[in-house]
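Peer 1: Could you have a look at this structure, given as structure tokens, before my questions?
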Amino acid sequence: MAGTFSARLVEWQRHHGRNTLPWQGTRDPYRVWLSEIMLQQTQVTTVLAYYERFVQRFPDVATLAAATLDDVLALWSGLGYYSRARNLHRCAQVVMQQHGGRFPTGSAELTKLPGIGRSTAAAIAAFCFGERVAILDGNVKRVLTRVLGFGADLAVARHERELWAQATRLLPERDIERYTQALMDLGATLCSARSPSCPQCPVRADCVAARTDTPQHYPVKSRKLKRGVREHVWLWLCWRDRVWLVQRPDSGVWAGLWSLPEFASVAAVEAASAGWQGRGEWLASFTHTLTHLDWTLHPLRWTLPARLGAVRRGAIECAWPSGRWFTLDEALAAGLPAPLRKLLTLAGAAED
């Protein structure tokens, strides 16, 4: 099957695949790497604007390595999965420090860099250096398990290794770049998770799932992600035209981003603010949905008097040693969680 499968895919990609994306038509590993990291768990339509802004600000690996993490997170803000941005920054520094500013040319060496897994390394190696190596991201797993009728549980490591082996056996001898892109395109378009367009698929004749009308059975992964629930009060502390933001820890949700101080309960924030001058206003609560977590936030906007003395203000500020005052423009230029950016943007629009 390997020969006809790959030939059909390559021909389909040539005429019907995605061939005009801004990171295509280049063998620059920096740009391919950046696109592959951004596209992890993120739709192409979302990535496009972020990618363009990112390469304008950081046109090469040297510029990215020399930037501060705050600058990188600010441009990444809203794209989510912020560990990708931290690993991106660290990887750029490693490439400069250990590889003289040049990415390794083989997939095995690429996997040794921060944030680059086996499939991402394979994509970079195939697109930039023509290495004959298999990729296996989420979309490609769906395509191949359906085509092969691979019903083993991918939550089991040996089963995933077997799928890797089968993916390698399907590789064509030539056109590895277009074949790799074809698998990505097919998984992102026709071979969707919920409503695959089997009649239009170029490899339907090879596909076990299409023949048996069972695409919904693949892939099999029994280990489900358990969703968590959180609830906090967000303290939006205002003084003059500034907002007080604190930098979040280096690990956990929104690691390294600037955010509002959090309290576990209404009683906790009321106890902390007892005796403060100014006035508080409760804003509409909302629930922010993350991949693994539903987080309900209750914003309390507390406006301090413009003439509040330095001693009284300092007594409030010392509760958050990692915090500082930002103007609204400064805050919006920093790395912020998406719901806070929306909250502050709405506030700015209301003041205009």
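The values are calculated or read from the model by the stated rules, or taken from the named source; none is laboratory data. This structure is a prediction, so every number in the text was calculated from the model and none was measured. Counting neighbours? That spans all protein chains shown, and the Cβs are built from the backbone with ideal geometry, glycine included.
Peer 1: Limited to the range 80-101, what total is found for residues that are over 12 Å from the mean Cα position of the chain (by Cα) and closer than 21 Å to His292 by Cβ? Step through it out loud before you land on a result.
Peer 2: As a first pass, look at the range 80-101 and keep what is over 12 Å from the mean Cα position of the chain (by Cα): 89-101.
Checking the rest, the ones that are also closer than 21 Å to His292 by Cβ come to none.
Within the range 80-101, residues that are over 12 Å from the mean Cα position of the chain (by Cα) and closer than 21 Å to His292 by Cβ number 0.
Peer 1: Return only the number of the condition from (1) assigned to a strand (DSSP E or B); (2) under 26 Å from Val229 (Cα atoms) that Glu270 does not satisfy.
Peer 2: So Glu270 meets the others, but not (1).
Peer 1: Further, regarding this structure: Looking at the range 184-209 only, could you name the residues that are surrounded by 21 or more Cβ atoms within 10 Å (Cβ to Cβ), within 29 Å of the chain's Cα centre (by Cα) and under 12 Å from Arg146 (Cβ atoms)?
Peer 2: The answer is Leu186, Gly187, Cys191, Pro196, Cys201.
Peer 1: Now, a different point. Step by step: first the residues of the range 38-50, then only those that are assigned to a helix (DSSP H, G or I) and buried (at least 21 other Cβ atoms within 10 Å of the Cβ), then the one that is farthest from the chain's Cα centre (by Cα). Which residue is that? Steps first, answer last, please.
Peer 2: Keep residues of the range 38-50 that are assigned to a helix (DSSP H, G or I), which gives 38, 44-50.
Narrowing the set further to residues that are buried (at least 21 other Cβ atoms within 10 Å of the Cβ) leaves 38, 47.
Details: Met38: 6, Val47: 9 Å.
Ranking the candidates gives Val47 first.
Peer 1: Go through Ser119, Ser35, Ser77 for me and flag whichever is without any contact (Cβ under 8 Å) to a residue 24 or more places away in the chain, under 13 Å from the mean Cα position of the chain (by Cα), within 30 Å of Arg194 (Cβ to Cβ) and crowded, with 20+ Cβ neighbours inside 10 Å.
Peer 2: Working: Ser119 fails: under 13 Å from the mean Cα position of the chain (by Cα); Ser77 fails: without any contact (Cβ under 8 Å) to a residue 24 or more places away in the chain.
Ser35 is the lone residue from the list that is without any contact (Cβ under 8 Å) to a residue 24 or more places away in the chain, under 13 Å from the mean Cα position of the chain (by Cα), within 30 Å of Arg194 (Cβ to Cβ) and crowded, with 20+ Cβ neighbours inside 10 Å.
Peer 1: Would you check if Leu260 is in contact with a Ser or Thr (Cβ under 7 Å, 6 or more places away or on another chain), at pLDDT 95 or above, of a type outside the set (D, E, K, R) and within 30 Å of Arg90 (Cβ to Cβ)?
Peer 2: On the way: in contact with a Ser or Thr (Cβ under 7 Å, 6 or more places away or on another chain): no; at pLDDT 95 or above: yes; of a type outside the set (D, E, K, R): yes; within 30 Å of Arg90 (Cβ to Cβ): yes.
No, not satisfied.
Peer 1: Got a number for residues in the range 190-213 being in contact (Cβ under 8 Å) with a residue 60 or more places away in the chain and not in a helix (DSSP H, G or I)?
Peer 2: Selection size over the range 190-213: 4.
Peer 1: Hey, another quick one. Can you name the residue in the range 76-92 that is of a type in the set (A, V, I, L, M) and in a helix (DSSP H, G or I) and, of all such residues, is farthest from Leu110 (Cα to Cα)? Don't jump to the end; show me each part of the working.
Peer 2: Of the range 76-92, the ones of a type in the set (A, V, I, L, M) are 79, 85, 88, 92.
Pick out the ones that are also in a helix (DSSP H, G or I) and you get 85, 88, 92.
Working: Ala85: 17, Leu88: 13, Ala92: 12 Å.
Within the range 76-92, the match that is farthest from Leu110 (Cα to Cα) is Ala85.
Peer 1: Evaluate the following for Thr105: is it outside the structural domain of Pro337 (by TED's automatic domain parsing), in contact with an Asp or Glu (Cβ under 9 Å, 6 or more places away or on another chain), in a loop (DSSP other than H, G, I, E, B) and touching a residue at least 12 places away in the same chain (Cβ under 8 Å)? Can you show your working first?
Peer 2: Working: outside the structural domain of Pro337 (by TED's automatic domain parsing): yes; in contact with an Asp or Glu (Cβ under 9 Å, 6 or more places away or on another chain): yes; in a loop (DSSP other than H, G, I, E, B): yes; touching a residue at least 12 places away in the same chain (Cβ under 8 Å): yes.
Yes.
Peer 1: With Thr120, Thr20 as the choices, which residue is closer than 23 Å to Ile176 by Cβ, in a helix (DSSP H, G or I) and assigned by TED's automatic domain parsing to the domain that holds Thr168? Before you say what the answer is, go through the steps one by one.
Peer 2: On the way: Thr20 fails: in a helix (DSSP H, G or I).
Exactly one residue qualifies, and that residue is Thr120.
Peer 1: Another question, if that's okay. Since Ala134 meets every condition but one in (1) in contact with a Cys (Cβ under 6 Å, 6 or more places away or on another chain); (2) buried (at least 22 other Cβ atoms within 10 Å of the Cβ); (3) of a type outside the set (Val, Ile, Thr), which condition does it not meet?
Peer 2: (1)
Peer 1: If a residue must be charged (D, E, K, R) and in contact with a helix residue (DSSP H, G or I) (Cβ under 7 Å, 6 or more places away or on another chain), how many such residues does the range 68-85 contain?
Peer 2: We begin by selecting, within the range 68-85, every residue charged (D, E, K, R); these are 70-71, 84.
Narrowing further to those that are in contact with a helix residue (DSSP H, G or I) (Cβ under 7 Å, 6 or more places away or on another chain): 84.
So the count comes out to 1.
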